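Contents: one structure, followed by commentary.
Every number here is computed from the coordinates shown, using simple stated rules; none is lab data. Keep in mind it's a predicted model, so treat the numbers as computed, not measured. FYI the Cβ positions are ideal-geometry reconstructions off the backbone, even for glycines, and counts take in every protein chain you see.
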Amino acid sequence: MRILYNLEELEAAKNEYKQYSIAFIPTMGALHAGHLSLIDKANSVAEKVIVSIFVNPLQFGPNEDFSQYPRDIDRDINLLKSKKVDYLFCPNFTKDELLKIKQLQAEPKLADILCGKFRKGHFDGVVTIVNYFFELIEPDYAIFGEKDYQQLKIIETMVNNLSLNVKILAAEILREESGLAMSSRNVYLSQSSRIKADEIYKNLCSMSAEISKILAGDIELNKKIQRIIDSYKEKFINSGFEIDYIEYHWSRILIAARVDGVRLIDNIGV
Ligand code: AMP
């Protein structure tokens, strides 16, 4: 695996890899098995795989965890070396430098709901950096996890709207044995918070089962779905969660919940 720390090194690598098909996986590091599953998918579609690790300041709000976001590049490099990764791009762009690149706005219909309601400007920061990395790397494929389902939909829309020459592939959510969606932020959960966090997936599963049953019967759909969601919202709140949202979109239930101050997101198809 070649490690590319800056634009010059990326340009030089591009001369080597441009004859191959390229799959690109953008990450913010603190890698876990969920990220590594994206690498397997990348290798199944392309000849060369490029992973990026960059904690993007543009997608963090002023009161969010940019400075506390977990970073451990040496551990990440070792994990990546256990997989077939051809290049790791880990630039150290500053926020000021990034404010000079082309700033994009995420499709408001998709970006103003769910996480976007709680993280103003977050998805603008995401599409800006993803588009910039697409311009720099010129991949044929880019792999995104369904864990960040809203992000996936927003990136797909950006690629369509700008007619970008990259195929977006979705990868399934990888979970801990307990069902908790793997996340870099899970390291912040204490043992007791983790046990509580496990309720997210358990409740998503039973909500999904209840909603599927209603969909099959097709009676007063939206009201019934909302009633189920409301009852689970209350259940979560009673067991000490702070709920940013639980909503139904794209035939999925999506949730953002805070467990002892740690913000976790998850989703499930119905
Ligand atoms: P992040 O480093 O959190 O920005 O994530 C980088 C990529 O990995 C995104 O496309 C995420 O959706 C994906 N990802 C994160 N967690 C998981 C997971 N548990 N399963 C599958 N993909 C994931």
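Structural remarks
- Between helix 7-17 and the chain: long-axis angle, C-alpha atoms, 0 to 90°, nearest 10: 80 degrees
- Straightening the chain between Ile237 and Phe118 buys 41.1 nm, computed as 0.36 nm per residue apart minus the Cα-Cα spacing.
- Computed [θ] at 222 nm, deg cm²/dmol, the chain (DSSP H ≥ 4; -39,500 (n - 2.57); rounded to nearest 500): -13500 deg cm²/dmol
- Across the chain, the relative contact order, built from alpha-carbon pairs under 8 Å that are at least six residues apart, equals 18 percent.
- Within straight-line reach of Lys48, meaning a Cα separation under 14 Å, sit the following aspartates and glutamates at least 8 residues removed in sequence or on another chain: Glu16, Asp40, Asp86, Glu138, Asp140.
- Dipole magnitude of the chain, debye to nearest 20 (Cβ charges: Lys/Arg +1, Asp/Glu -1, about Cα centre): 360 debye
- Cβ-based exposure ranking for Cys90, Cys205, in which fewest neighbours within 10 Å come first: Cys205, Cys90
- Length-normalised contact order for region 184-269 - Cα pairs under 8 Å, 6+ apart - percent: 27 percent
- Per-residue Cβ neighbour rank within 10 angstrom, fewest leading, Glu64, Glu199, Glu176: Glu64, Glu176, Glu199
- Ellipsoid semi-axes in whole angstrom, largest first, where each is sqrt(5λ) of the Cα gyration tensor of region 184-269: 26, 12, 10
- Each part reduced to its alpha carbon centroid, region 70-119 and region 149-227 end up 20 Å apart.
- Highest-fluctuation residue, Leu162, Leu152, Leu110 considered, GNM on the chain with Cα pairs under 10 Å: Leu162
- The alpha-carbon of Lys102 sits under 20 angstrom from the alpha-carbons of these lysines, leaving out residues fewer than 8 places away in its chain: Lys120.
- FRET efficiency estimate (nearest 0.05) - Cβ-Cβ, Tyr5 to Leu221, R0 35 angstrom: 0.10
- Largest GNM mean-square fluctuation among Ile73, Ile246, Ile154, using the chain with Cα springs under 10 Å: Ile73.
- Positive-end residue, region 133-270 charge dipole about Cα centroid, Cβ charges, pick of Ala197, Ile168, Leu136: Ala197
- On full extension, the segment bounded by His249 and Glu97 gains 51.1 nm, given 0.36 nm per residue less the C-alpha separation.
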